[in-house]
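Please read the structure below before turning to the comments.
The values are calculated or read from the model by the stated rules, or taken from the named source; none is laboratory data. Everything quoted here is computed from the prediction, not taken from an experiment. Here the Cβ positions follow ideal geometry from the backbone for every residue, glycine too, while neighbour counts run over all protein chains shown. When the accessible area is computed, the model is the full protein with side chains, heavy atoms only, and any ligands, DNA or RNA have been set aside. Shrake-Rupley method; radii C 1.70, N 1.55, O 1.52, S 1.80 Å.
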Amino acid sequence: AQRRADPGWPPFEFDEENVDVRGDDVALAVGLTHDVAGGVRAYVQNRAPTIGRILHCRPRGSASQQSMVCGRHAWMLAESAVQQVRRLRERGSGKGRLHLFIAGPNAFTFFLGQHQQALGPVLSYEWDFDGQRGGGYSLGLSVGA
């Protein structure tokens, strides 16, 4: 049975961070299960000079293992992230590639991935949990980039 949307489910709160006005790429930092801002910022500053802005997506309240309630909630969050990226691009910012940094359930990533054509070229990054690649983020997958 499919769950009805509940207005009490935490929506995303968005925060745009300017990194370098010369960069055309946008980093989408999604922190559903934990805050990724520091790790994304460090990666962008040290290894990604083409990124001009970071769009931080955090659930209202705080990131946790319970921040996403169900599949419908995952779909709603993904839809809101896509709309926010589109708004950013419509304002003339971030016409380049989209760099994805996601700490969250695979359901969210699945629903976001359904919009790949609308998002344009995408590079997805993985966190190095076991320290085998020097710690921090590294490129995991590139689609259309």
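What base-10 log of the normalised intensity I(q)/I(0) is obtained for the chain from the Debye formula, alpha carbons as equal point scatterers, at q = 0.16, 0.17, 0.18, 0.22 Å⁻¹?
Debye output, listed in q order: -0.82, -0.93, -1.04, -1.50.
Tally up the carbon and sulfur contribution to the accessible surface of the chain as a whole percent, 1.4 Å probe, everything protein left in place.
Result for the chain: 47 percent of the exposed heavy-atom area is carbon or sulfur.
What share of all Cα pairs of the stretch 1-71, in percent, falls into each consecutive 5 Å distance bin?
4, 16, 23, 18, 13, 11, 8, 5, 2, 0
Modelling each spin label as a point 7 Å along the Cα-to-Cβ direction, I'd like the R87/D6 distance in nm, to one decimal.
Here the answer is 2.5 nm between the modelled labels.
Note down the relative contact order for the chain as a percent, whole number, built from C-alpha pairs under 8 angstrom at least six residues apart. Walk me through the numbers before you get to the answer.
On the way: 274 pairs, mean separation 38.6, N = 145.
Averaging sequence separation for qualifying contacts and normalising by length gives 27 percent for the chain.
Give the shape of the stretch 73-145 as rounded, prolate or oblate, defined through the alpha-carbon gyration tensor: a ≥ b ≥ c are the square roots of its eigenvalues, a/c under 1.5 means rounded, and otherwise the shape is prolate if a/b is larger than b/c and oblate if not. Can you show the working numbers first?
Details: a/c = 2.24, a/b = 1.44, b/c = 1.56.
The shape class here is oblate.
Using a Gaussian network model on the chain with a 10 Å cutoff between Cα atoms, which of V19, V40, V69 fluctuates the most?
Of the options given, V69 has the highest mean-square fluctuation.
Please identify the trypsin sites (Lys or Arg not before Pro) of the stretch 16-80 that satisfy two criteria: DSSP loop assignment and at most 12 other Cβ atoms within 10 Å. Which are they? Before the final figure, lay out the partial values.
Working: sites: R22, R41, R47, R53, R60, R72; in loops: R22, R60.
Passing both the DSSP loop test and the Cβ count: R22, R60.
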